[in-house]
Amino acid sequence: MSLLAWSESLVLNQPRLDQTHHEMVDLINGLDAALAAKVDAMPAFLALLEHTEAHFALEEGWMAATGFEPQNCHSSQHKMVLNVLHEVRRYAVELNDLEPMHIIGKELAQWLPAHAEMMDAALVFHMSQVGYDPTTGQIAPRPGQAQAEASHACSGGSCG
Ligand SMILES: [Fe+2]
Ligand SMILES: [Fe+2]
């Protein structure tokens, strides 16, 4: 059984982000499968780490393009996850301790749906409000609609 199943509840109706999240689900399950099979899990872990770095950079590029402050709650959550993933790699490489790697997949399987529902959904909504097209990188002014406020803080909910 996989750690996390892709489902409609994860869909944010932003094709590039949905594809990225779907890939992350597969990579989390791939790491779990490698650990369960007791084969070298480092390639699966590094694939997840690299993908996560690119995934967060993609979203943060969108934030920068639509007026988010560099220091914002969403980015802080990304930073926290990347710090943990780098620590997991350090434990494995420097201390030969794979215990954190066994834990991180389960943690991410819980973290991703919650983060996507709150932070990523708010980002997608914000992009649509300001008329930002992530494919072209252009903001299309929409007559009769007030420009949405740039998000400077957490979009609903705590930073937890
Ligand atoms: Fe995301
Ligand atoms: Fe995010």
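Each reported figure results from applying straightforward, stated rules to the coordinates on display, with no laboratory input. In this text the structure is predicted, and so the values were computed from the model without any measurement. Don't worry about glycine lacking a Cβ; one is built from the backbone with ideal geometry, like all the others, and counts go over all protein chains shown.
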- Return one number: the angle in degrees, 0 to 90 and rounded to the nearest 10, between the long axis of the Cα atoms of helix 15-36 and the longest principal axis of the Cα atoms of the chain. 10 degrees
- Message: Ignoring everything except DSSP H segments at least 4 long, calculate the 222 nm mean residue ellipticity for the chain; use -39,500 (n - 2.57) per segment, divide by total residues, nearest 500.
- Response: -20500 deg cm²/dmol
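How big is the shadow of the Cα convex hull of the chain, averaged over all directions, in nm²? Numbers along the way, then the final one.
Numbers: hull surface 40.0 nm².
Mean projected area of the Cα convex hull: 10.0 nm².
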- Item | Mean separation of Cα contacts under 8 Å (6+ apart) over length of region 13-93, as relative contact order % | 24 percent
- Item | Between helix 42-65 and the chain: long-axis angle, C-alpha atoms, 0 to 90°, nearest 10 | 10 degrees
- Task: Return the distance in nm (one decimal) between the two label points of a simple spin-label model at MET1 and ASP26, each offset 7 Å from Cα along Cα→Cβ.
- Result: 2.4 nm
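Using 0.36 nm times the number of residues separating ALA114 and THR135, minus their current alpha carbon distance, what extension gain do you get? Don't skip to the end; give the middle numbers.
Working: separation 21, 0.36 × 21 = 7.56 nm, distance 2.54 nm.
Residue separation times 0.36 nm, minus the Cα-Cα distance, leaves 5.0 nm.
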- Model label zone, ASP40; criterion: amide N under 16 Å from point 7 Å along Cα-to-beta-carbon; scope region 95-136: 96-98
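With contacts defined as alpha carbon pairs under 8 Å and 6 or more residues apart, what's the relative contact order of the chain in percent?
The value is 27 percent.
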- Nearest-ten-degree value, helix 73-95 long axis tilted from longest Cα axis of the chain: 20 degrees
